[in-house]
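The values are calculated or read from the model by the stated rules, or taken from the named source; none is laboratory data. Computed from a predicted structure; not experimentally measured. Every residue, glycine among them, receives a Cβ derived from its backbone with ideal geometry; neighbour counts consider all protein chains shown. All accessible areas refer to the heavy atoms of the entire protein, side chains included, with ligands and DNA or RNA removed. Shrake-Rupley method; radii C 1.70, N 1.55, O 1.52, S 1.80 Å.
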Amino acid sequence: MARHLHYPLLLNLALLFKGGTQTTRLNHASQHPRLASENTLRDILSISKDTVYGKEHNFEEILSASTATELFALYRHMVPENDYEALRGYVDRHKNGETGILFPGRPEMYATTSGTTSAPKWIPMTRKYLRDVYGKMSNVWVWNFIKHRKMALAGKVFAIVGKECEGYAPDGTLYGSVSGVLVRDLPHIIKKRYTAPASVMSISDYAARNYTLMRLAIQHWDVTLWSTANPSTILELQRTVDENLDLMIEDVEKGTLSDKFEIDSDIRIELESYMRPRPKRAKELRELRDKNGGQILPRHYWPKLQILSTWKCGNTKVYMNKYQDYFDLEQTCYQELGYIATECRFGFALDMSNESVLFPHLHYYEFVPEEDMDKPRKRFLQLDELEQGKRYCVYVTTYSGLFRYNMNDLVEVGGMYEKTPTIHIISKVNGIVSLTGEKLYEPQFIDAVHQAEEETQIKTKFFVGFADVNESEYHFYFEFADQETSQETADMFAKVVDDKLRTINIEYESKRASFRLNAPIAHRLQKNAYARFKSACLEDGMRDGQFKFNLLMQDEKRREKFQVLILGDKLSNIRRNAMVRRSERDDRRKEREMRADTRRKERENRRNERVNRKKERKVEM
């Protein structure tokens, strides 16, 4: 049956007014990046000059600079480069109710993410940042979709966002996902186009959450916009469809949400308004299933999809080839999401390239050349000083109290947007690895291994971890003090390390629980493995004085040098790794079956209790 989308004239006009206005301001700022950078820095410092941090770091004196060059130089001199740990004490004071510490007043909310220690980062978000930065950038972002596909919002929006509320700070301020909060507060005209309410992201069981997301979305034939930051989510949601297609179709037909999955009753009640019996859609899905050999893909069940927006740069691009055939890319505009992190919205991709357009009127940016990153005296460059094709480590100053904040990201400069350079992500730096958004820090890995040693009483002489992008997993290499340590013991030790990492890093736990990150693989190393590795590096021409080494890396060349130091037969190791992956998949399946069986028994018990109560009442009568 041929179906047609209706052009959303009024909605597009409203987005033109809001998004077009902000795009004009972006274009003006991008014509004059140095002036925009100066004005932004002055504004941020002026707002915070009377705060505790502003007084400690002489913001008033910095603002006395008469030129942009003097302003930037004074700012570098007075304010040190920061990571989160340097700011944690100030944030903690805000969390406990103090005002005027990093910025006037108190934050509107906190965004949480993993930190270098076991304590997560609490990134403050001021009302000004959410409204005047995040909100205005969102207007540009959505209008950009309309420019590329005028029917982008003609149908339903399938957006994967974070959980809006994880809890509350000691002073009562909410902490959670910025994207979740913004979806919660969307105007009704936009929100009614979403396939699911924000509360779905509060479903604690990932299998249940994924099923609910896809069950609510697949009932619509007219999904026109799919946005999810992490492309691994696309693979995971399609796997959910593959494994539950018949059940999903039955739910669509009856207007139900299967009780096979553990979902809080309050959320189930809220979702009732999002579901009604759709026998015609169920029939259509069955026909698509039969026609396509039992599997249906997004290009089958959402034939009008206009926009797919997700990350394509850095580590995430490895996922692209795994789902390219899911979509009709002649019709669907597949667009890079842009440089978005918990700390800030650094920039967006606004065309079909993978380059992020920066917003110099909304953030103040600094850049350290790649060759200077390990030097004690770094060169800090301004936005207008970047060179195309060169790589830099990025620092940002925001309206939410991040001053000269090291994002620990390596970026490469692409083309120009107006007269402002664009950038794209290459990788994390300085001992931070992120395969699917988990941002695992080297100190966390070291801490997890030491905790595992203490718990198991198994000692290591050396260890190192490598990220495998293709398999979405970590490989842990251990040189045990006892060289007779068996592979089974090594596997057990790696599992304990994995468990410790899940406790230490909230995002690692999230990615492991949602199956986007596989269980780590353990390898036993020969005696004196580190010395052998270093010798191999020096033989390849590296100077001894320049030899640097992290214990957590994403570096295939270095990993290859450890591969030849593994104890045991290479083919046996390959087979064992495959068995580990298969075992984890079986464990996941058994866990889901056990939960389903438990829920069935609970329902039977409740039913028996009701029957017994009825019998008792009859006897009393």
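Overview of values
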| read-out | value |
| --- | --- |
| Of residues in segment 92-122 being touching a helix residue (DSSP H, G or I) at 6+ places or on another chain (Cβ under 8 Å), not in a loop (DSSP other than H, G, I, E, B) and not small (Gly, Ala, Ser), the one nearest to LYS55 (Cα to Cα) | ARG93 |
| Residue that is farthest from the chain's Cα centre (by Cα), among those in segment 459-477 that are within 16 Å of ALA531 (Cβ to Cβ) and among the aromatic types (Phe, Trp, Tyr) | PHE462 |
| Those residues of segment 22-58 which are surrounded by fewer than 14 Cβ atoms within 10 Å (Cβ to Cβ) and either of a type in the set (Val, Ile, Thr) or part of a loop (DSSP other than H, G, I, E, B) (or both), in sequence order | THR24, ASP50 |
| Whichever residue in segment 419-442 is assigned to a loop (DSSP other than H, G, I, E, B) and not small (Gly, Ala, Ser) and, among such residues, is modelled with the lowest pLDDT | ASN430 |
| Residue, farthest from the chain's Cα centre (by Cα), within segment 1-20, restricted to residues that are open to solvent by less than 30 Å² (accessible area, probe 1.4 Å) and of a type in the set (A, V, I, L, M) | LEU11 |
| Qualifying residue in segment 240-260 (condition: at pLDDT below 95, open to solvent by less than 40 Å² (accessible area, probe 1.4 Å) and not hydrophobic (A, V, I, L, M, F, W, C)) | yes |
| Filter pass, ARG281 being open to solvent by 60 Å² or more (accessible area, probe 1.4 Å) and either modelled with pLDDT under 95 or of a type outside the set (S, T, N, Q) (or both) | no |
| Residue that is nearest to the chain's Cα centre (by Cα), among those in segment 413-441 that are buried (at least 18 other Cβ atoms within 10 Å of the Cβ) and of a type in the set (D, E, K, R) | GLU438 |
| Helices (runs of 4 or more DSSP H) enclosed by segment 248-359 - at least 2 residues per element that are free of Cβ contacts under 8 Å to residues at least 40 places away in the same chain and farther than 26 Å from GLY20 by Cα | 265-271, 279-291, 298-301 |
| Flag if VAL411 is outside any helix (DSSP H, G or I) and not basic (Lys, Arg) | yes |
| ALA207 surrounded by 20 or more Cβ atoms within 10 Å (Cβ to Cβ) and part of a loop (DSSP other than H, G, I, E, B) | no |
| Test result for HIS77, at pLDDT 95 or above, closer than 30 Å to LYS378 by Cα, open to solvent by 40 Å² or more (accessible area, probe 1.4 Å) and of a type outside the set (S, T, N, Q) | yes |
| Answer residue from segment 380-395, given it is free of Cβ contacts under 8 Å to residues at least 60 places away in the same chain and closer than 19 Å to LEU362 by Cβ and is least open to solvent (accessible area, probe 1.4 Å) among those | VAL394 |
| Meets criteria (assigned to a helix (DSSP H, G or I), polar (S, T, N, Q) and in contact (Cβ under 8 Å) with a residue 24 or more places away in the chain) for THR233 | yes |
| One residue from VAL181, VAL140, VAL133 being modelled with pLDDT under 90, buried (at least 21 other Cβ atoms within 10 Å of the Cβ) and either out of contact with any Lys or Arg (no Cβ under 6 Å at 6 or more places or on another chain) or at positive phi (or both) | VAL181 |
| Test: residue in segment 232-245 that is under 16 Å from ILE296 (Cβ atoms), of a type in the set (Val, Ile, Thr) and touching a strand residue (DSSP E or B) at 6+ places or on another chain (Cβ under 8 Å) | yes |
| Residue within segment 407-418 that is under 30 Å from TYR90 (Cβ atoms) and modelled with pLDDT of 95 or more present | no |
| Which listed residue, of PHE463, PHE493, PHE445, is at pLDDT 95 or above, hydrophobic (A, V, I, L, M, F, W, C) and more than 23 Å from THR233 (Cβ to Cβ) | PHE493 |
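Here is a yes/no grid of residues against (1) modelled with pLDDT of 70 or more; (2) open to solvent by 90 Å² or more (accessible area, probe 1.4 Å):
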residue	(1), (2)
PRO520	yes, no
ALA531	yes, no
GLY541	no, no
LYS561	yes, no
LYS570	no, yes
SER583	no, no
ASP587	no, no
VAL619	no, yes
